[in-house]
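Working notes, beginning with the structure itself.
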Amino acid sequence: MLEIRFHGRGGQGTVLAAKILADAVLRQGGKQCLAIPEFGVERRGAPVTAYARVSDRPILERTRIHAPDALVVFDPTLYASDILTGLKPGGTVLTNGAEADAARLSERAPGFRFLAVPAGAIALELKLGSASSPIVNTAMCGAAAAVFGLSGLEALLECVREAVPVKAEANVEAARRAYAAAREALHAPA
Amino acid sequence: MKKVLSGNHAAAVAARLARVQVAAGYPITPATQVFEALAEMRAKGEFPGEFIAAESEHSVMAALLGAATAGARTFTATSSHGLAYMHELLHWVAGARLPVVMVDVNRALAAPWNLGTDQTDSLSQRDTGWMQTYCSNNQEVLDTVLMSFKIAERVMLPSMVVLDGFTLSHSYEPVDVPKQAEVDAFLPPFRPVLRLDPDQPMSFGSLTGPKDYLRLRRRMAADLAEAEDAIEEVGREFGELFGRPYGQLDAYRCEDAETVLVTSGAVGSTARAAVDALRERGLKAGNLRLRAFRPFPARALRAFVRPGTRLAVVDRNLSPGAGGIFASEIKAALYPRSGIAVHGYVTGLGGGDISVELLQEVWERVDAARGADPAPAVWAEDAR
Amino acid sequence: MPLLEGADKACPRVIVSERSMDENRTGNWRTLRPVIDSGKCTGCLICWKLCPEACVELTEKVPRIDMDYCKGCGICVSECPARCVDFVAESAA
């Protein structure tokens with residue numbers, strides 16, 4: 001079983017992203033996915049956590065994930081708090097940022113594998129959100145689907161199109177570009 | 001067809017499939033999404049029922065009391081303080097023998113303020129005459145709402161479908177959504193024998209003396225006892241039609257288990273993973289999940305236990321001054337059977353994780369506690 | 001001690017009445033009787049509007065109170081703006 005923890009901020013669509021990924025896993029077929037938002041009140045701008053479990057067998061565990069295999073970080077400013085807590089040694093961190101950010105993070109926190117996808121830049125190019133708060137959730141979905149092998153591109157894009165209330169095509173394009181960027185980052189020499 | 005649904009959305013989809021005629025609601029976290037989903041379906045023309053946005057939960061249940069008396073199939077959802085505010089009308093609806101179905105999303109009661117899951121809200125309503133069923137995943141939420149209408153309309157008593165706040169209500173997973181025609185074949189329209197009808201005037205709920213009142217309550221008790229059978233029969237029928245059978249109890253790997261975790265709600269799902277982990281270590285663990293709480297499945301429980309069985313009861317609820325509520329009820333149901341130890345664990349109040357690790361520890365402690373006095377509840381929490 | 005024996009289902013689930021509420025004549029609850037002074041009545045209909053038993057009838061210019069149902073609550077007595085409803089003891093009426 002793959003256990004992923006998502007870190008974002010209230011209003012960035014972290015919870016919707018977890019739902020889209022669960023949809024994509026179902027559409028792809030073969031695996032199960034349980035997507036869990038953090039329990040309680042969520043406020044715009046405040047740090048938000050969500051969780052997803054992906055497995056070949058039915059998922060029984062219905063709790064928060066304390067020792068994830070991987071993290072998906074929507075907002076790099078969140079590294080100021082202890083978001084790496086509990087991440088398993090050798091765990092993957094998919095982060096919104098440039099390649100140089102991944103290198104810097106690897107130096108600061110050795111023992112984890114950092115992969116950067118420029119979700120913020122992609123969102124801005126496609127006019128999703130504003131410069132101060134780009135809406136990166138669909139781009140991060142694309143990246144996560146590629147990095148963790150959750151679903152193929154087509155299944156993911158259909159799920160994005162169905163799930164987002166506005167700017168469906170821009171969001172689909174964001175997921176497509178991030179999916180490609182993530183595959184590149186994944187296969188780049190370390 | 002499988003769709004990714006949250007527990008709240010599964011409940012709303014079930015209400016639509018059940019062809020609910022009157023839904024009333026008042027928002028409260030974490031149950032609000034049930035109405036949001038129903039309102040959205042109504043706006044799209046997918047839910048043709050009446051939708052009443054009431055001014056309080058008390059009014060919600062009063063509205064459903066009227067609608068159900070007029071012969072409508074009725075539905076609502078609430079949580080915590082909202083349920084507490086309905087309390088008076090819960091007695092009315094049960095006493096009036098109206099098969100209202102309500103989803104309660106478990107949430108802790110203040111003070112202090114807390115939004116986490118905790119069963120004390122629904123369990124505080126145990127003496128109202130409502131049936132209560134606890135669900136362990138989102139599929140079961142959808143299925144149980146459908147079954148509850150059938151059971152409630154058979155025994156003419158209201159039914160509460162209970163799911164864990166956030167753990168189920170807000171979590172997304174694939175749910176098999178049955179076709180409308182399949183549901184229609186399972187659940188025929190509600191046709192009460194007596195109903196409020198201007199063409200055939202009748203008065204309901206008039207003043208009653210103690211002799212009639214005693215007999216009416218005896219009838220209610222008898223119908224709740226019949227509901228134990230109804231839950232089994234309707235659960236079997238549901239299984240034949242949809243491939244997912246249900247009963248009052250859900251036993252997992254209990255055949256040769258001497259020490260059994262006893263759980264309810266979503267914890268019953270996590271507990272299966274704990275049992276699997278214990279079994280992998282060569283330990284004879286099992287999990288008994290109580291789906292039904294009212295009527296209390298006393299007959300089924302007595303048939304389940306064997307001399308020497310140790311029950312490790314996990315209560316995410318508290319009756320202050322008495323202990324965990326499931327543990328108390330189980331002890332009462334098994335009295336005076338000797339040789340069966342009931343150990344109560346109070347944990348996870350206010351939304352604390354009841355994890356695979358915690359459940360394994362509870363099981364191991366109870367398995368090792370031979371001859372120990374199991375009377376006082378043990379308080380425990382996840383280490384993280 | 002009498003025990004409740006026999007079929008518990010012999011008792012119905014609810015007790016309803018199919019008899020008309022017209023039969024429920026509440027006039028015998030009354031100890032004081034409202035009496036309208038037709039000379040002072042302005043026909044404003046306040047008594048008709050406020051009567052909780054709905055037993056003030058508008059068949060004539062001056063309302064008539066149906067004494068088969070009037071419980072003698074006195075709301076008409078205290079609310080009449082013209083003060084034309086007197087409240088008299090039932091035995092003296």
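The values are calculated or read from the model by the stated rules, or taken from the named source; none is laboratory data. Source: prediction; values computed, not measured. We place every Cβ from the backbone using ideal geometry, glycine too, and count neighbours over all the protein chains shown.
Given A:Thr49, A:Thr77, A:Thr95, which one is more than 13 Å from the chain's Cα centre (by Cα) and of a type in the set (Ser, Thr, Tyr)?
Just one listed residue meets the conditions, A:Thr77.
Would you mind finding the one in B:Glu182, B:Glu228, B:Glu240 that is more than 7 Å from every other protein chain (Cβ to nearest Cβ), assigned to a helix (DSSP H, G or I), at pLDDT 95 or above and within 20 Å of the chain's Cα centre (by Cα)?
Exactly one residue qualifies, and that residue is B:Glu228.
Within the stretch C:6-36, how many residues are surrounded by 12 or more Cβ atoms within 10 Å (Cβ to Cβ), outside any helix (DSSP H, G or I) and in contact (Cβ under 8 Å) with a residue 12 or more places away in the chain?
The total comes to 7.
Of the residues that sit in the stretch B:138-188 and are in contact (Cβ under 8 Å) with a residue 60 or more places away in the chain and among the polar types (S, T, N, Q), which one is surrounded by the fewest Cβ atoms within 10 Å (Cβ to Cβ)?
Residue satisfying both the conditions and the ranking: B:Gln180.
Could you check the stretch B:350-374 and list, in sequence order, the residues that are aliphatic (A, V, I, L, M) and either outside the structural domain of B:Leu283 (by TED's automatic domain parsing) or more than 19 Å from B:Ala274 (Cβ to Cβ) (or both)?
The answer is B:Ala372, and nothing else.
Here is a list: B:Gly66, B:Gly71. Which entry is assigned to a loop (DSSP other than H, G, I, E, B), out of contact with any helix residue (DSSP H, G or I) (no Cβ under 9 Å at 6 or more places or on another chain) and under 24 Å from B:Arg191 (Cα atoms)?
Criteria check complete, one pass: B:Gly71.
Suppose the filter is of a type outside the set (Ser, Thr, Tyr), surrounded by 24 or more Cβ atoms within 10 Å (Cβ to Cβ), within 14 Å of chain C (Cβ to nearest Cβ) and in contact with a Ser or Thr (Cβ under 8 Å, 6 or more places away or on another chain); does B:Ala31 pass it?
It is false that B:Ala31 is of a type outside the set (Ser, Thr, Tyr), surrounded by 24 or more Cβ atoms within 10 Å (Cβ to Cβ), within 14 Å of chain C (Cβ to nearest Cβ) and in contact with a Ser or Thr (Cβ under 8 Å, 6 or more places away or on another chain).
Got a sec? Which of C:Leu3, C:Leu58 is within 14 Å of chain B (Cβ to nearest Cβ), more than 30 Å from B:Pro192 (Cβ to Cβ), surrounded by fewer than 16 Cβ atoms within 10 Å (Cβ to Cβ) and at pLDDT below 95?
The match here is C:Leu3.
Can you spot a residue in the stretch A:66-73 that is within 12 Å of another protein chain (Cβ to nearest Cβ) and either surrounded by fewer than 24 Cβ atoms within 10 Å (Cβ to Cβ) or in contact with a strand residue (DSSP E or B) (Cβ under 9 Å, 6 or more places away or on another chain) (or both)?
Yes, some residue in the stretch A:66-73 is within 12 Å of another protein chain (Cβ to nearest Cβ) and either surrounded by fewer than 24 Cβ atoms within 10 Å (Cβ to Cβ) or in contact with a strand residue (DSSP E or B) (Cβ under 9 Å, 6 or more places away or on another chain) (or both).
If B:Met147 passes every condition in (1) over 14 Å from the mean Cα position of the chain (by Cα); (2) within 30 Å of A:Ile59 (Cα to Cα) but one, which one does it miss?
Every listed condition holds for B:Met147 apart from (1).
Taking the stretch B:276-304 as the region of interest, how many residues are in contact (Cβ under 8 Å) with a residue 60 or more places away in the chain and more than 20 Å from B:Ala227 (Cβ to Cβ)?
Residues in the stretch B:276-304 being in contact (Cβ under 8 Å) with a residue 60 or more places away in the chain and more than 20 Å from B:Ala227 (Cβ to Cβ): 4 in total.
Pick out the one residue from B:Ser206, B:Ser269 that is farther than 30 Å from C:Asp8 by Cβ, facing another protein chain (nearest Cβ under 10 Å) and hydroxyl-bearing (Ser, Thr, Tyr).
On inspection, the qualifying residue turns out to be B:Ser269.
Yes/no matrix, rows are residues, columns are (1) among the charged types (D, E, K, R); (2) crowded, with 18+ Cβ neighbours inside 10 Å; (3) in a helix (DSSP H, G or I); (4) under 22 Å from the mean Cα position of the chain (by Cα):
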position: B:Val13; (1), (2), (3), (4): no, yes, yes, yes
position: B:Phe35; (1), (2), (3), (4): no, yes, yes, yes
position: B:Glu40; (1), (2), (3), (4): yes, no, yes, no
position: B:Pro48; (1), (2), (3), (4): no, no, no, no
position: B:His58; (1), (2), (3), (4): no, no, yes, yes
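When you scan the stretch A:135-190, how many residues do you find that are of a type in the set (A, V, I, L, M, F, W, C), more than 14 Å from the chain's Cα centre (by Cα) and surrounded by 22 or more Cβ atoms within 10 Å (Cβ to Cβ)?
3
Every residue in the stretch B:112-129 that is touching a residue at least 60 places away in the same chain (Cβ under 8 Å), more than 14 Å from every other protein chain (Cβ to nearest Cβ) and surrounded by fewer than 23 Cβ atoms within 10 Å (Cβ to Cβ), please.
B:Thr120, B:Arg126
Pull out all pairs, ordered by first then second residue, where Cβ-Cβ is under 6 Å, the residues are six or more apart or on different chains, the first lies in the stretch A:48-65 and is among the hydroxyl-bearing types (Ser, Thr, Tyr), and the second is in a loop (DSSP other than H, G, I, E, B).
A:Thr49/A:Glu38; A:Tyr51/A:Ile65; A:Ser55/A:Met1; A:Thr63/B:Asp353; A:Thr63/B:Ser355
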